[in-house]
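So the structure is just underneath, and the comments pick up after that.
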Ligand SMILES: Nc1ncnc2c1ncn2[C@@H]1O[C@H](COP(=O)(O)OP(=O)(O)OP(=O)(O)O)[C@@H](O)[C@H]1O
Ligand SMILES: [Mg+2]
């Protein structure tokens with residue numbers, strides 16, 4: 001059974017005249033690393049908000065269709081119930097940390113769920129170590145860099161041990177190197193813990209290599225849904241505002257010029273480099 | 001910003017910082033009570049000096065002096081108002097009694113400022129929020145308190161950015177008379193309020209996503225506990241209270257003017 005499944009999901013914000021997402025039917029399997037991408041305003045954030053019930057509970061408006069997340073009807077369950085299964089990391093690291101120390105922030109969700117102190121302490125330390133911020137645990141979040149803050153936000157979600165972690169452009173305020181480090185942390189969690197990851201991201205250059213499922217949206221609809229290599233080699237994707245990895249584009253150009261490269265579309269420069277090296281042998 | 005300097009918390013670790021904030025609060029209340037029951041300057045001065053070792057132990061002398069300096073304006077105001085009222089109500093004479101009474105009032109004020117600033121200088125906002133939580137204040141209040149503390153620097157920074165941006169577009173903040181100057185701040189306030197609202201919506205969303213309100217019985221990562229130091233402070237403050245009450249009831253405290261033999 002898929003861990004996230006939507007059927008003909010459509011949603012209109014209360015103040016909007018037309019739906020922000022339309023007829024979305026997707027399936028995400030347990031343990032997948034899903035990448036959602038598409039031009040600005042195509043409804044990625046809106047879709048993510050349906051996964052933990054922020055839509056329709058927090059945003060109201062009209063939600064049609066079916067949505068099942070972790071075996072639960074996310075449209076019916078309140079967000080605080082869904083929060084045990086779906087962790088959500090938002091774009092702006094600053095506005096999702098409220099406590100005056102890192103460890104207190106990481107404990108916030110567990111405190112809300114009423115965990116006893118001993119188990120809470122264990123989980124907090126575990127999450128801090130996984131995200132590499134154990135040494136910063138007594139610092140105050142607002143005197144940390146954006147990358148560190150985003151790690152705190154991830155740790156805070158992990159401490160609740162959800163089955164799914166949804167990250168909505170978690171690195172758009174960060175420089176490429178810090179972003180890369182965050183993605184590595186996320187990928188590691190996906191590999192080690194079997195955590196299902198849903199990542200919204202524009203910069204496919206940095207992220208396509210981690211994904212095993214990619215969803216491309218445009219104007220509130222799903223345009224492509226499948227394996228990254230297959231989806232990204234489709235010419236139609238070039239017409240939507242999607243940042244196809246440079247390695248993939250270069251590969252196509254070389255191929256068109258008649259270079260004798262392999263047939264698997266590369267997703268990052270390292271893969272392409274390996275292919276070129278192979279060809280030059 | 002400098003106005004709040006005396007009340008700003010810096011991370012220092014000392015025996016005083018580690019005390020239970022609830023105990024420190026009891027201490028402030030008792031000092032308040034004692035300062036109010038005395039009407040003569042000598043006990044009030046004693047009370048003032050008695051707290052100095054406390055400040056030294058907490059190693060916050062610098063900030064403490066700064067907050068006292070900040071209170072100086074108000075203190076001298078109190079002093080002169082007292083002298084003036086005595087002067088006008090008691091037959092236009094200025095005598096030693098008037099001056100000593102005014103000094104007593106001022107010292108009392110300084111004692112209050114002193115104990116307050118010791119409390120705020122040695123209690124982290126985190127601790128304070130925790131104390132609120134564990135004294136059965138609804139969690140919403142203590143959360144609002146810590147969040148406010150957390151976001152004050154953020155908003156201050158944002159206000160600065162908006163001010164710079166509006167100045168770059170030709171807004172002149174320091175021009176015109178008083179009313180005009182207030183009106184000049186409208187283009188700064190509106191974006192600030194809009195962004196604060198947006199920020200609070202994002203915060204609310206993030207709180208929801210982390211199971212805010214999932215159980216009635218919320219737990220806490222930290223626990224406040226009375227330790228040895230807290231019992232010592234409790235004993236000390238109780239001692240001070242007993243001595244103070246005894247003195248007020250049975251010991252005639254001389255005034256300085258009596259000691260000096262001035263009428
Ligand atoms: N709170 C809201 N109220 C009303 N309309 C909204 C709200 N949030 C988003 N929308 C609208 O819904 C549509 C989809 O927005 P959404 O934020 O989901 O896009 P996105 O794909 O996340 O874009 P971006 O890449 O810029 O983050 C947009 O047309 C937007 O104007
Ligand atoms: Mg978005």
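Residues that are surrounded by 22 or more Cβ atoms within 10 Å (Cβ to Cβ) and within 16 Å of ligand 2 (Cβ to nearest atom) were ranked within the range A:55-89; the one that is nearest to residue A:203 (Cα to Cα) is A:89.
Criterion applied to A:137, A:123 was being modelled with pLDDT of 95 or more and either within 7 Å of chain B (Cβ to nearest Cβ) or in contact with a helix residue (DSSP H, G or I) (Cβ under 7 Å, 6 or more places away or on another chain) (or both), and the one residue passing it is A:123.
Restricting attention to the range B:142-180, which residues are away from chain A (no Cβ under 14 Å) and assigned to a helix (DSSP H, G or I)? Quick ask: steps written out before the conclusion?
Taking the range B:142-180 and keeping what is away from chain A (no Cβ under 14 Å), we get B:159-160, B:162-180.
Selection gives B:159, B:160, B:162, B:163, B:164, B:165, B:166, B:167, B:168, B:178, B:179, B:180.
All of B:166, B:160 fail the test of being over 30 Å from residue A:112 (Cβ atoms) and in contact with a helix residue (DSSP H, G or I) (Cβ under 9 Å, 6 or more places away or on another chain), apart from B:166. Among the residues of the range A:32-50, those that are over 12 Å from the mean Cα position of the chain (by Cα) and either more than 14 Å from chain B (Cβ to nearest Cβ) or more than 9 Å from ligand 1 (Cβ to nearest atom) (or both) comprise A:38, A:39, A:40, A:41, A:42, A:43, A:50. Quick one: which of A:25, A:20 is more than 14 Å from chain B (Cβ to nearest Cβ) and out of contact with any helix residue (DSSP H, G or I) (no Cβ under 9 Å at 6 or more places or on another chain)? Being more than 14 Å from chain B (Cβ to nearest Cβ) and out of contact with any helix residue (DSSP H, G or I) (no Cβ under 9 Å at 6 or more places or on another chain) holds for just one of A:25, A:20, which is A:25. Before we move on, is residue B:36 exposed (fewer than 13 other Cβ atoms within 10 Å of the Cβ), modelled with pLDDT of 85 or more and more than 15 Å from the chain's Cα centre (by Cα)? Judged against the criteria, residue B:36 is a match. Among the residues of the range B:235-256, is any closer than 30 Å to residue A:117 by Cβ and assigned by TED's automatic domain parsing to the domain that holds residue B:93? Yes, some residue in the range B:235-256 is closer than 30 Å to residue A:117 by Cβ and assigned by TED's automatic domain parsing to the domain that holds residue B:93.
Here is a check on your reading of the model: is residue A:96 within 12 Å of another protein chain (Cβ to nearest Cβ) and within 30 Å of residue A:232 (Cβ to Cβ)? It would help to see each step written out before you state the result.
Numbers: within 12 Å of another protein chain (Cβ to nearest Cβ): yes; within 30 Å of residue A:232 (Cβ to Cβ): no.
Spelling it out, it is not the case that residue A:96 is within 12 Å of another protein chain (Cβ to nearest Cβ) and within 30 Å of residue A:232 (Cβ to Cβ).
Which ones in the range B:140-150 are modelled with pLDDT of 85 or more and either more than 17 Å from residue A:107 (Cβ to Cβ) or touching a helix residue (DSSP H, G or I) at 6+ places or on another chain (Cβ under 7 Å) (or both)? Scanning the range B:140-150 gives B:140, B:141, B:142, B:144, B:145, B:146, B:148. Annotation note: of A:58, A:98, A:90, the sole residue that is within 16 Å of ligand 1 (Cβ to nearest atom), under 23 Å from residue B:150 (Cβ atoms) and without any contact (Cβ under 8 Å) to a residue 24 or more places away in the chain is A:58. Identification of helices (runs of 4 or more DSSP H) wholly contained in the range B:39-116 with 3 or more residues that are loosely packed, with under 13 Cβ neighbours inside 10 Å and on the phi > 0 side of the Ramachandran plot yields no element. If you check residue A:15 against the conditions, is it within 13 Å of ligand 1 (Cβ to nearest atom) and without any contact (Cβ under 8 Å) to a residue 24 or more places away in the chain? Spelling it out, residue A:15 is indeed within 13 Å of ligand 1 (Cβ to nearest atom) and without any contact (Cβ under 8 Å) to a residue 24 or more places away in the chain.
Does residue B:215 satisfy the criteria of being within 30 Å of residue B:23 (Cα to Cα) and over 27 Å from the mean Cα position of the chain (by Cα)? Can you show your working first?
Values: within 30 Å of residue B:23 (Cα to Cα): yes; over 27 Å from the mean Cα position of the chain (by Cα): yes.
Spelling it out, residue B:215 is indeed within 30 Å of residue B:23 (Cα to Cα) and over 27 Å from the mean Cα position of the chain (by Cα).
If you check residue B:192 against the conditions, is it farther than 30 Å from residue A:111 by Cα, assigned to a helix (DSSP H, G or I), at pLDDT 90 or above and out of contact with any strand residue (DSSP E or B) (no Cβ under 8 Å at 6 or more places or on another chain)? So residue B:192 passes the test.
The values are calculated or read from the model by the stated rules, or taken from the named source; none is laboratory data. Not measured: the values here are computed from a predicted model. Here Cβ is always computed from backbone atoms with ideal geometry, including for glycine, and neighbour counts include all displayed protein chains.
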